[in-house]
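Visitor: Sharing a structure, written as structure tokens. Questions coming.
The values are calculated or read from the model by the stated rules, or taken from the named source; none is laboratory data. Note that this is a predicted model, so its numbers are computed, not measured. Neighbour counts run over all protein chains shown; Cβ positions are idealised from the backbone, glycine included.
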Amino acid sequence: MAQTTFEEISAADFFYRNRDIAGFTNPSRAIFVAVRELVENSLDAAESHQIPPDIYVRLSYEGEASQDTQIYKLRVEDNGIGVPPRHIPSAFGQILFGSKYKLKQQRGTFGLGGKMAILYGQITTHQPATIVSSTGISKTYMYKLMIDIQRNRPLIVDRRVLINKEMWKGTIVEFTLEGDYFRAMPKILDYFKQTAMVNPYANLTFVDPKGRLYKFTRITKEMPPPPKETLPHPYGVDVELLQRLIQITPYTSMNEFLRFHFHRVGDITARKFLEFSNISPSKNPKKLSHEEIVRLMHMLKRFREFLPPDASCLSPLGEDLLKAGIVKELKPEFVVVHQRKPSTYSGHPFIVEVGIAYGGEIPKKGVFLVYRFANRIPLLYDEANDVSFRVITAMNWRRYRVMPDMPIAILVHICSTKVPYKTVGKEFIADRPEVRKEIANGLREVARQIQHFLSRREHVDRERKRLGVFNKYLPKIAQFSTQLARREKPPDIEKLLASVQKYGAEEA
Amino acid sequence: MGPKKHKSSILERKKEVLKGLQNLGSSIYDQMDQGNFPSIDMPSRSTDNIAYDEQLRQFILGDRRVRRSVRNLRHLKPFAQLVWAALFSNELSSQRKTSTLRDVYYSAQAYEMTFKDQQESNNIITDLETILGFSREDFNIFPEERSAVFGDLTIEYTVPGYEGKTLDLTSHPDGVLIGPALTSSEFVRTSADKVIAIEKGGLFTRFIEENVHKKYNSILVCTAGQAPRATRHFIRRLSEELNLPVYVFTDGDPWGMHIAMVIISGSANAAHLRELNTPDAKWSGVWATDIVNYKLPTDPLDEMDMKRLYELQKDPRYKDPLWRREIKTFMKIKKKAEQEAFSRYGLTYIVDEYLPRKLEETK
């Protein structure tokens, strides 16, 4: 008789068996993802306390692993807030443990990436990871850790306490992993360049296995205001969330329930809504039947007077910083950026920021260069599946005199408390109609401005060329005709040239 | 025809050319000096302004004119190129030097004038021809192709260093190049009573070897394919000034037929020019009917040949019964023959038998 065994597996074990989900699909992708996850954790660690990030990344060659892969040591240093010593083992040695389970915009969402990288390193090289961190106190803590995969627990191999004279604050993570750097190199360099673009206040340093130094220097210390934690917006709730809230709520009236558990619902809005949905304001939410909860959810979605979620839980880059970042990394001749007003999809607030850059050092490729970002993370893979790419492809650029053979770069940044990624690997954004609409409107706005710029430039160019032609040929015609007519001195063409100039000035 | 009159005619023409060039310069100079954007009017050379003139028996330009104005940005460069070309021609003419179309293209660069390609500089020269009504040979600009002449004709050079020297055109057995020196020379005397123009160099040499010039008392001209303008003008002068009938022998195909036609009636490309055609010249062979009558070895007409025949059928120059008959015959037999095809009857057959019969037939 066949017997089915049910066994519970730990989170670490789950991801060990399904590491593809987190992006560790092959040796080149793995090394890219490892770098990316750790850099993002470091950026978050600095930004959350308004510290302009200083991040140092070094990949060093340790030896051959197989025919196509090598062992590398990855070291990432930051100047972030540091990790309190008692949390270090869990923060780096336990999957799904972390500080990122609140509703505010952050790069990471699952608290998974950094640990996955360390886990991947351990699987491929059987070496412990070294973590050094200090929160700016007089001591620095050093841990050597391994992850007990089956139990999802950190194993402390070594632990030291060091004197921190300079009161250094930050975290250093170092571990070995197997990978294929040379295949991953273009993506990794792209990643740094694009990260520098949307984090113009960060210093990024990367030393690759050949000892080559890539440095991205900040041009400002100004940082966007940090995001605030927020309550769920009424449009975004589902029955499950409602039931959970009802379970934990201390409030005994629907009015209070709505006011204190939902984003942007005040007394007036709560009353209007309850009237709209025919629910008594004094009804105890815990007494709602299942049918009533379902109905409540539908009414919440149908009520048109909820204010849109405010952007305080989001941290867009802002037009000035975005522009500065583009100018810094792309060195274009002209750039225009636009930030859309906050919007929501399924109750999750999001803000779209777009930019178009023209000319300068932007190459002519025959296609637009597209830079996609989500919560200040560059998205480098699966471009064709991304909603931004689809919107860009569908747009009628000819209308705006923008042609694919022009040196054009388009940037789309989506920030949200919940970016609608299609995969855990954070590579492309799902095609939600609300998001699509915002991106399209944003692009139209910048397209209009670039059109204005292009037609003005074209006009100036044409004028300059026109004057050039007159300045070149009128004197020649004068000279040749003088010789041909056997006259002494050339005719006075100053008047003619002046009239051309004046004519030109009028037109410009 | 006294030689004196001819001498003055060549010099007169040179003077007219120089005068025309200077007037063009003055007109432009004055317009500019008065503070105006200079402009030039000239007949339009577009195909809808080209018509066949029955009286002149050549293509001419209609009444439509175009204006090149410096006010127009697109005209500016061609205008400057045109004035430069006029200046260049002026220098050539006054210094009595000659040049080629290729030279024009390169010489411009010394004046920081650029031509995109040879075609562009050729077009500018054609503009200049249209404005002044003289052909480029009158400006001492010659094409690269050269054809040749042989026969009892004595000419007197007018080119520098050779003024007054004379040459008997039988002095070189390969014939004498129809180049700038020859076309600008005066005709002194001849005993010939006809001109025979031949399409191919090989046959031209055969005719000289066989003494055709003596046997038939003729001046032989080799057109080397489609006759260059200088040669067409030269044949016209032989016909007009010496009053000689002209007979043209070509290959027996649509293209050979058209070589004869261009000598007789000129080309649409030269509709802005006069005196390049010889209306009284005769096409003596090889006709399509000759191919049949002489049972010549043939090649089949290919697609291009047939297409050409249909075009010629619609051409106003081909309205005479003889031409129409030959086109029809070509279309019927769908065959063509080269002049050399007569060699099947022996090398001298063409000279001894065919030539006298055809000269008689087309007299």
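Visitor: List pairs: first residue in region B:249-264 and under 18 Å from B:Pro297 (Cβ atoms), second residue aromatic (Phe, Trp, Tyr) anywhere in the structure, Cβ distance under 6 angstrom, at least six positions apart or on different chains.
Guide: Partner pairs satisfying both residue conditions: none exist.
Visitor: Looking only at region B:9-26, filter to residues that are at the interface with chain A (Cβ under 8 Å from one of its Cβ atoms) and surrounded by fewer than 20 Cβ atoms within 10 Å (Cβ to Cβ); which one of those is farthest from B:Ser93 (Cα to Cα)?
Guide: B:Ser26
Visitor: Only one of these conditions is not met by A:Leu296: (1) surrounded by 21 or more Cβ atoms within 10 Å (Cβ to Cβ); (2) under 25 Å from A:Thr269 (Cα atoms); (3) not assigned by TED's automatic domain parsing to the domain that holds A:Glu275. Which number is it?
Guide: (3)
Visitor: Out of (1) within 14 Å of chain A (Cβ to nearest Cβ); (2) more than 30 Å from B:Glu156 (Cβ to Cβ); (3) within 23 Å of the chain's Cα centre (by Cα), what's the single condition that is false for B:Arg57?
Guide: (1)
Visitor: Do we have A:Leu411 as free of Cβ contacts under 8 Å to residues at least 60 places away in the same chain, closer than 22 Å to A:Leu321 by Cβ and not charged (D, E, K, R) here?
Guide: no
Visitor: Step by step: first the residues of region A:431-446, then only those that are among the aliphatic types (A, V, I, L, M) and in contact with a strand residue (DSSP E or B) (Cβ under 7 Å, 6 or more places away or on another chain), then the one that is modelled with the lowest pLDDT. Which residue is that?
Guide: A:Val435
Visitor: Please find, among A:Ala498, A:Ala478, the residue that is part of a helix (DSSP H, G or I), more than 51 Å from the chain's Cα centre (by Cα) and modelled with pLDDT under 85.
Guide: Step by step, each of A:Ala498, A:Ala478 is checked, and only A:Ala498 is part of a helix (DSSP H, G or I), more than 51 Å from the chain's Cα centre (by Cα) and modelled with pLDDT under 85.
Table: residues versus (1) surrounded by fewer than 14 Cβ atoms within 10 Å (Cβ to Cβ); (2) hydrophobic (A, V, I, L, M, F, W, C); (3) within 11 Å of chain B (Cβ to nearest Cβ).
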site: A:Arg432; (1), (2), (3): no, no, no
site: A:Val446; (1), (2), (3): no, yes, no
site: A:Gln449; (1), (2), (3): no, no, no
site: A:Ser455; (1), (2), (3): yes, no, no
site: A:Leu467; (1), (2), (3): no, yes, yes
site: A:Ala478; (1), (2), (3): no, yes, yes
site: A:Thr482; (1), (2), (3): no, no, yes
site: A:Ala485; (1), (2), (3): no, yes, yes
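Visitor: Would you list the helices (runs of 4 or more DSSP H) that sit entirely within region A:160-276 and hold 2 or more residues that are in contact with a strand residue (DSSP E or B) (Cβ under 9 Å, 6 or more places away or on another chain) and modelled with pLDDT of 90 or more? Give the steps one after another, and end with the answer.
Guide: On the way: elements: A:181-198, A:239-248, A:254-261, A:267-276.
Per the criteria, A:181-198.
Visitor: Right, here's the next one. For region B:198-214: of the residues being among the hydrophobic types (A, V, I, L, M, F, W, C) and either in contact with a Phe, Trp or Tyr (Cβ under 6 Å, 6 or more places away or on another chain) or under 15 Å from B:Arg146 (Cβ atoms) (or both), which is surrounded by the most Cβ atoms within 10 Å (Cβ to Cβ)?
Guide: Across region B:198-214, the extreme among qualifying residues is B:Phe204.
Visitor: Let me ask something additional. Is it true that some residue in region B:74-93 is in contact with a helix residue (DSSP H, G or I) (Cβ under 8 Å, 6 or more places away or on another chain) and more than 14 Å from chain A (Cβ to nearest Cβ)?
Guide: No, region B:74-93 has no match at all.
Visitor: To continue, here is another question. Please go through region A:369-398 and give me each residue that is in a loop (DSSP other than H, G, I, E, B), surrounded by fewer than 21 Cβ atoms within 10 Å (Cβ to Cβ) and not charged (D, E, K, R), ordered by number.
Guide: A:Leu380, A:Tyr381, A:Met395, A:Asn396
Visitor: Which condition number in (1) of a type in the set (D, E, K, R); (2) more than 30 Å from A:Gly266 (Cα to Cα); (3) part of a loop (DSSP other than H, G, I, E, B) is the one that A:Glu329 fails?
Guide: Every condition holds for A:Glu329 apart from (3).
Visitor: Consider A:Met403 against the criteria (1) touching a Phe, Trp or Tyr at 6+ places or on another chain (Cβ under 9 Å); (2) away from every other protein chain (no Cβ under 14 Å); (3) touching a residue at least 24 places away in the same chain (Cβ under 8 Å): it satisfies all of them except one. Which criterion is unmet?
Guide: (3)
Visitor: For region A:66-91, name all the residues that are surrounded by 18 or more Cβ atoms within 10 Å (Cβ to Cβ) and more than 16 Å from A:Ile131 (Cβ to Cβ).
Guide: A:Thr69, A:Gln70, A:Ile71, A:Tyr72
Visitor: Going by the conditions given, is A:Asn441 without any contact (Cβ under 8 Å) to a residue 60 or more places away in the chain and either at the interface with another protein chain (Cβ under 9 Å from one of its Cβ atoms) or part of a helix (DSSP H, G or I) (or both)?
Guide: Here the answer is no, as A:Asn441 does not meet what is asked.
Visitor: What pairs come out if I take residues in region B:296-323 that are within 24 Å of B:Lys282 (Cα to Cα) and pair them with residues that are part of a loop (DSSP other than H, G, I, E, B) and of a type in the set (A, V, I, L, M, F, W, C) whose C-beta lies under 8 Å away, six or more apart or interchain?
Guide: Cβ pairs passing all conditions: B:Leu296/B:Val286; B:Leu309/B:Leu301.
Visitor: Right, here's the next one. Which of the helices (runs of 4 or more DSSP H) found entirely inside region B:276-363 contain at least 2 residues meeting this: of a type in the set (Phe, Trp, Tyr) and crowded, with 17+ Cβ neighbours inside 10 Å?
Guide: B:321-333
Visitor: Out of all the residues in region B:32-49, is one or more within 14 Å of chain A (Cβ to nearest Cβ) and either touching a Phe, Trp or Tyr at 6+ places or on another chain (Cβ under 6 Å) or in a helix (DSSP H, G or I) (or both)?
Guide: yes
Visitor: Please list, ordered by first then second residue, the pairs with beta carbon atoms under 7 Å, 6 or more apart or interchain, first in region B:108-134 and within 14 Å of chain A (Cβ to nearest Cβ), second among the hydroxyl-bearing types (Ser, Thr, Tyr).
Guide: Here the result reads B:Ala108/B:Thr114; B:Ala108/B:Ser121; B:Phe115/B:Tyr105; B:Phe115/B:Ser121; B:Leu128/B:Ser89, each pair linking region B:108-134 to a residue that is among the hydroxyl-bearing types (Ser, Thr, Tyr).
Conditions tested, residue by residue: (1) farther than 22 Å from A:Pro128 by Cβ; (2) touching a residue at least 24 places away in the same chain (Cβ under 8 Å).
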position: A:Arg159; (1), (2): no, no
position: A:Glu166; (1), (2): yes, no
position: A:Lys169; (1), (2): yes, yes
position: A:Val173; (1), (2): no, yes
position: A:Glu178; (1), (2): no, yes
position: A:Arg183; (1), (2): yes, yes
position: A:Ile188; (1), (2): yes, yes
position: A:Gln194; (1), (2): yes, yes
position: A:Met197; (1), (2): yes, yes
